[in-house]
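Worksheet: the structure to be examined is printed underneath.
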Amino acid sequence: MSIDEVIVARHSTRRFLSDKPVPKDVIQRALQLATHAPSNSNIQPWRLYLLSGAAADRLKRALVAEVNSGAISQVPPLPEAFKHFNSEVGKQLYGADGLNIPRDDVQGHQAAVLRNYEFYGAPTTAIVCIDNALTKADALSVGMYLQTFLLALTEAGLGSCVEISVSGYPEIIRKTVGIPAELDIICGVAIGYEDETMKVNKLRMERVAVEETTVILEDNV
Ligand SMILES: Cc1cc2nc3c(=O)[nH]c(=O)nc-3n(C[C@H](O)[C@H](O)[C@H](O)COP(=O)(O)O)c2cc1C
């Protein structure tokens, strides 16, 4: 695949083949490639916890139990100006071209949201962290690392989904995975082979035009 093809092919996978494990060498290669990401003073601030098998199952069970206990997510709500993006994603995910859950099916929606905490059935899960003494610029480096990692996974034929949802329950993750207090938990990642029979995996989210996000100042000489 060319780099353009890999970039376009990457998308969020929300149903995995849970019985098809990810080969260790494939993950190792993607991790190795991701280390080439740039970072402030080359501090390489990404800290990743990768779980598979019983360890991943334990984390999923702990998160689902926490959510089912009625614990409130610590993920802050999106600012008003950005909320419509979230609604659009929801419309697509739960609509006729996605999971096809009727609007008034409250239980159906709750069950679908709960799948976040099961990492959508992915056999491998990751928790992405950063030292809590670092700043936004350093979080940017972690993002660059993560995208490089995801692209390498895509090129290897794997699906992935970044998940802020799981970071809403940091104490449970910390306790179950053994993450020290000095690391902030940024997000989770679901990794595995995509279930290609599921319509939800065929969704492709729209992007706003480049002109809406970019100011280009040119000298017309
Ligand atoms: C930081 C971050 C957090 C995300 N959190 C979630 C999440 O909790 N659950 C989920 O299903 N998707 C999550 N996503 C996936 C986004 O919804 C997705 O990237 C976006 O809609 C664009 O679609 P695409 O990844 O298929 O191109 C997250 C993505 C990022 C980068």
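The values are calculated or read from the model by the stated rules, or taken from the named source; none is laboratory data. Only a predicted model underlies this, so the values are computations on that prediction, with no experimental measurement involved. Backbone-built Cβ (ideal geometry, glycine too); neighbour counts: all protein chains shown.
Condition check: within 15 Å of the chain's Cα centre (by Cα), surrounded by 12 or more Cβ atoms within 10 Å (Cβ to Cβ) and hydroxyl-bearing (S, T, Y). Does T176 satisfy that?
Here the answer is no, as T176 does not meet what is asked.
Of the residues making up the stretch 186-199, one or more are among the charged types (D, E, K, R), under 24 Å from L151 (Cβ atoms) and either away from the ligand (no atom under 16 Å from the Cβ) or part of a loop (DSSP other than H, G, I, E, B) (or both). Among the residues of the stretch 1-48, the ones that are under 17 Å from A190 (Cα atoms), within 16 Å of the ligand (Cβ to nearest atom) and part of a helix (DSSP H, G or I) come to 2 in all. Scanning the stretch 140-163 for residues that are assigned to a helix (DSSP H, G or I), near the ligand (Cβ under 10 Å from one of its atoms) and in contact with a strand residue (DSSP E or B) (Cβ under 7 Å, 6 or more places away or on another chain) gives L146, L150. Filtering the stretch 56-86 to residues that are among the hydrophobic types (A, V, I, L, M, F, W, C), surrounded by 15 or more Cβ atoms within 10 Å (Cβ to Cβ) and either closer than 17 Å to I191 by Cβ or free of Cβ contacts under 8 Å to residues at least 24 places away in the same chain (or both) leaves A56, L59, L63.
Tallying residues that are outside any helix (DSSP H, G or I) and in contact (Cβ under 8 Å) with a residue 24 or more places away in the chain within the stretch 108-139 yields 13.
When the stretch 200-221 is filtered for residues that are outside any loop (DSSP other than H, G, I, E, B) and of a type in the set (K, R), only K202 remains. Tell me, which residue of the stretch 86-107 that is part of a helix (DSSP H, G or I) and under 20 Å from V166 (Cβ atoms) is nearest to the ligand (Cβ to nearest atom)? Looking at residues that are part of a helix (DSSP H, G or I) and under 20 Å from V166 (Cβ atoms), I get V89. Got a sec? Which of I172, I179, I130 is at pLDDT 95 or above, within 14 Å of the ligand (Cβ to nearest atom) and among the aliphatic types (A, V, I, L, M)? Criteria check complete, one pass: I130. When the stretch 164-185 is limited to residues that are assigned to a loop (DSSP other than H, G, I, E, B) and among the β-branched types (V, I, T), the one that is nearest to G121 (Cα to Cα) turns out to be I164. With the checklist (1) among the hydroxyl-bearing types (S, T, Y); (2) under 18 Å from V162 (Cβ atoms); (3) within 16 Å of the ligand (Cβ to nearest atom) in hand, flag the one item T213 doesn't pass. That leaves (2) as the condition not met.
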